[in-house]
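Report on the structure given below.
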Amino acid sequence: MDYQPNKIAYVTGASSGIGEALVSKLLEEGYYVIGLSRSTISLERNFEHHAIDLSNIDAVQKFEFKHSAPHVLLVNNAGCIGDIKPIGKNTNSGLLAVSNLNALAPQLLINTFLNTYLNKVEEGHILNISSGAGKYPIDSWAPYCASKASLDLFSKTVQEELNTRSYTNWFVHAIAPGVVDTPMQNEIRSSDPNEFKVLQKFIDLKKNGELSDPNSVAQKLYRVIESPQDFHNVVISVRDFS
């Protein structure tokens, strides 16, 4: 780092989709950004990349938040849909992979993030990318739905703990971004219609141009990052303020 930034952001899943778009937005807004992903990315200024498989819990436990700034942000964006099959046809290893990446890795990162920065910064913010799938069941998405429901309640509990201890300078949000045109949607559309009974709905969303653009979603997410105190509910959707 060749200068001392006022604002630092750690973003998981930074190499594509919402993560990539949000990295660009944060850089535009003057953040120094640390991107965490398996795929290597290289940007010219105010960015560094850490190659890490966030489904590897041992690797996540070893990760350290080494930078300092008055304002710190953690965005848990990395996630996977897993095998799109009804329970009973999934592999146990597949179930573990979804839970590790979508639920357990964010919990570990949040724990380390708070351990590193609590009482040491002017403002801290944790933004978890959730999903509407965490609020209602979707055919053949049981592991994904459960992992996002877990992320929502974990987020609410962490904010409650911070409030109880009067950390008025810390904020936690779990935000459902809507249905976004990302690589995950490609996976969903290529699934087996015999295993995924609502496949046609997702094919039609793409066909009819109803998928949100990642850059427009990043713009909306930044509204929460910019003024976290204005968003009083922990679990929200970009549709609530679009």
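Dividing the Cα radius of gyration of the range 86-147 by its Kirkwood radius returns 1.12 for Rg/Rh. Residues whose amide H comes within less than 5 Å of that of Val172, counting only those at least five positions distant or on another chain, are Ile126 (H built at 1.01 Å from N in the peptide plane). In the chain, a dipole from Cβ-located charges (positive for Lys and Arg, negative for Asp and Glu) runs towards its positive end, and of Ser93, Ser68, His49 it is Ser93 whose Cα lies farthest in that direction.
The charge dipole of the range 130-242, taken about its Cα centre with unit charges on the Cβ atoms of Lys, Arg (+1), Asp and Glu (-1) only, comes to about 100 debye.
Compactness of the range 108-193 is given as radius of gyration and Dmax, 15.9, 51 Å, from Cα positions.
Answer rounded, prolate or oblate for the range 141-242, using the Cα gyration tensor with square roots of eigenvalues a ≥ b ≥ c: rounded when a/c is under 1.5, else prolate when a/b is larger than b/c, else oblate. Taking the square roots of the gyration eigenvalues as a ≥ b ≥ c, the range 141-242 is oblate. Thr116 contributes an accessible area of around 40 Å² to the protein surface, as traced by a 1.4 Å probe with all chains present.
Over the chain, accessible surface divided per residue gives 49 Å², non-protein components excluded, 1.4 Å probe. Here the range 67-161 exposes an accessible surface that is 56 percent carbon and sulfur, computed with a 1.4 Å probe and the other protein chains kept in place.
Taken about its Cα centre, the chain carries a charge dipole of about 400 debye when Lys and Arg each add +1 at the Cβ and Asp and Glu each add -1 at the Cβ. When the alpha carbon coordinates of the chain are projected onto the principal axes, the ranges are 54, 36, 35 Å, largest first.
Dipole magnitude for the range 28-134: about 400 debye, using +1 per Lys or Arg Cβ and -1 per Asp or Glu Cβ, origin at the Cα centre. Computed over the chain with a Gaussian network model linking Cα atoms closer than 10 Å, the most mobile of Gly17, Gly88, Gly30 is Gly88.
Mean-square fluctuations from a GNM of the chain, with a 10 angstrom spring cutoff on Cα atoms, peak among Thr112, Thr168, Thr182 at Thr168.
Taking all protein chains as shown and a probe of 1.4 angstrom, His50 keeps an accessible surface of around 70 Å². Residues considered: Tyr32, Tyr144, Tyr117. Largest GNM mean-square fluctuation over the chain, using C-alpha springs under 10 Å, is found at Tyr117. For the range 34-136, the percent of C-alpha pairs falling in each 10 Å distance bin, counted from 0 to the bin holding the largest distance, reads 13, 40, 33, 11, 3.
Cross-link partners for Lys25 among the lysines, with Cα-Cα distance under 18 Å and sequence neighbours closer than 8 places in the same chain left out: Lys7, Lys220. Cross-link pairs exceeding 32 Å in C-alpha to C-alpha distance, out of Lys89/Lys135; Lys62/Lys201; Lys66/Lys156; Lys62/Lys120, comprise Lys62/Lys201.
The values are calculated or read from the model by the stated rules, or taken from the named source; none is laboratory data. Quantities reported herein were computed from a predicted structural model and do not represent experimental measurements. No Cβ is skipped: glycine too gets one built from the backbone with ideal geometry, and neighbour counts run over all protein chains shown. Each accessible area value is taken on the protein alone, full model and side chains, heavy atoms only, with ligands, DNA and RNA left out. Shrake-Rupley method; radii C 1.70, N 1.55, O 1.52, S 1.80 Å.
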